Amino acid sequence: MDGWWSSFFDETYSTIGLESTDEAKREATVDAIANLLGVAPGAHIFDQCCGIGRISVPLARRGFRVTGVDLIPRYAELAKERAPSGDFHAADAFEFVAPTPCDGAINWFTSFGYHHDDAVNVQMLRRAYE
């Protein structure tokens, strides 16, 4: 793990920046994502850079099959604790490929564009469907 994010995204940030206390807003966001992706419970969703599972945990609770990846091991652990049915991995999203094909993928919040080369950023998104 290298770059500025290796020290920025820590336990403090997960509490302050990733925890959402607005349950209605989170549920509306999950509704919008499912509608935009055109998927229903049972579909496999890949949450690239899932953090603590702010989006993937509610999806799993609704019956979606969820695979999540995050660079920060503790974040992946917290997501797994909150959604035991989910398949969460601590890995680099620039390299990670979901173990099974997905029906839809998301990269939510602030986890896109970290690489200085836009082609590498786009390749990270393509990996969601490899």
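The values are calculated or read from the model by the stated rules, or taken from the named source; none is laboratory data. Because the structure is a prediction, the values reported are computed rather than measured. Here Cβ is always computed from backbone atoms with ideal geometry, including for glycine, and neighbour counts include all displayed protein chains.
Things to note:
- Residue in the stretch 14-22 that is outside any loop (DSSP other than H, G, I, E, B), modelled with pLDDT under 90 and surrounded by fewer than 12 Cβ atoms within 10 Å (Cβ to Cβ) present: yes
- For the residues PHE88, PHE64, the requirement of being of a type outside the set (Ser, Thr, Tyr), within 23 Å of THR29 (Cα to Cα), over 13 Å from the mean Cα position of the chain (by Cα) and buried (at least 21 other Cβ atoms within 10 Å of the Cβ) singles out PHE64.
- Tally, over the stretch 73-97, of residues that are touching a Gly at 6+ places or on another chain (Cβ under 8 Å) and either in a loop (DSSP other than H, G, I, E, B) or of a type in the set (Asp, Glu) (or both): 3
- When the residues of the stretch 70-85 are filtered to those that are touching a strand residue (DSSP E or B) at 6+ places or on another chain (Cβ under 7 Å) and under 21 Å from GLY42 (Cβ atoms), the one that is surrounded by the most Cβ atoms within 10 Å (Cβ to Cβ) is ALA79.
- Answer residue from the stretch 49-61, given it is surrounded by 19 or more Cβ atoms within 10 Å (Cβ to Cβ) and of a type outside the set (A, V, I, L, M) and is farthest from the chain's Cα centre (by Cα) among those: PRO58
- Any hit, the stretch 113-124, residues being closer than 23 Å to ARG26 by Cα and in contact (Cβ under 8 Å) with a residue 12 or more places away in the chain: no
- Some residue of the stretch 41-48 being within 22 Å of ASN121 (Cα to Cα), of a type outside the set (Gly, Ala, Ser), in contact with a strand residue (DSSP E or B) (Cβ under 9 Å, 6 or more places away or on another chain) and surrounded by fewer than 18 Cβ atoms within 10 Å (Cβ to Cβ): no
- Filtered residue count, the stretch 98-130, keeping only those that are modelled with pLDDT of 80 or more, more than 24 Å from GLY38 (Cα to Cα) and part of a loop (DSSP other than H, G, I, E, B): 1
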